[in-house]
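Participant: A single structure is presented below for examination.
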Amino acid sequence: MTNDQQEIRRKKRVIENAENIGNVRKACRYYGIARSTFYLWRDRYHGLGDEGLMSRRCGPHNHPNKTPEVVVDKILHLRRTNARESQRERPRASAANAPVLDRRPSLVSIDTGKRSRREVKQAFL
């Protein structure tokens with residue numbers, strides 16, 4: 001039995017149980033589903049039968065601005081082939097020689113990561 005068939009059986013069981021009991025609230029509480037969900041399932045089942053209880057895809061089936069598959073394949077190919085080269089070219093930063101970042105990076109001294117009072121005063125003039 002596939003997952004879709006199990007899902008349909010479960011939903012039918014909920015609907016039948018609610019009809020047998022005669023109390024939708026109790027059946028929904030027992031199965032842990034919202035009443036609005038139950039009524040949605042019930043209406044679909046009465047309208048379309050078992051096909052109405054199949055799980056539906058929530059998202060859009062296509063997207064107009066989707067990147068073409070050819071471009072995606074080329075990007076992935078380039079990333080795979082150049083991954084090792086880009087890792088070798090990147091310098092490793094250590095805490096000792098890394099400058100301290102500030103809100104105003106132009107005022108930060110690259111050597112020490114600090115700024116002098118004179119630089120601060122001149123920046124605000």
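The values are calculated or read from the model by the stated rules, or taken from the named source; none is laboratory data. Fair warning: this is a prediction, and the values are worked out from it, not measured in the lab. Every residue, glycine as well, gets a Cβ built from its backbone with ideal geometry; the counts of neighbours run over all protein chains shown.
Participant: Return the total of residues in the range 48-72 being out of contact with any helix residue (DSSP H, G or I) (no Cβ under 9 Å at 6 or more places or on another chain) and not in a loop (DSSP other than H, G, I, E, B).
Facilitator: Counting residues in the range 48-72 that are out of contact with any helix residue (DSSP H, G or I) (no Cβ under 9 Å at 6 or more places or on another chain) and not in a loop (DSSP other than H, G, I, E, B) gives 6.
Participant: Can you tell which of Asn65, Asn97, Asn82 is modelled with pLDDT under 70 and farther than 30 Å from Arg9 by Cβ? Steps first, answer last, please.
Facilitator: Working: Asn65 fails: modelled with pLDDT under 70; Asn82 fails: modelled with pLDDT under 70.
Step by step, each of Asn65, Asn97, Asn82 is checked, and only Asn97 is modelled with pLDDT under 70 and farther than 30 Å from Arg9 by Cβ.
Participant: Please state which one of Ser55, Ser36 is exposed (fewer than 13 other Cβ atoms within 10 Å of the Cβ) and touching a residue at least 12 places away in the same chain (Cβ under 8 Å).
Facilitator: Values: Ser36 fails: touching a residue at least 12 places away in the same chain (Cβ under 8 Å).
After ruling out the rest, the residue left standing is Ser55.
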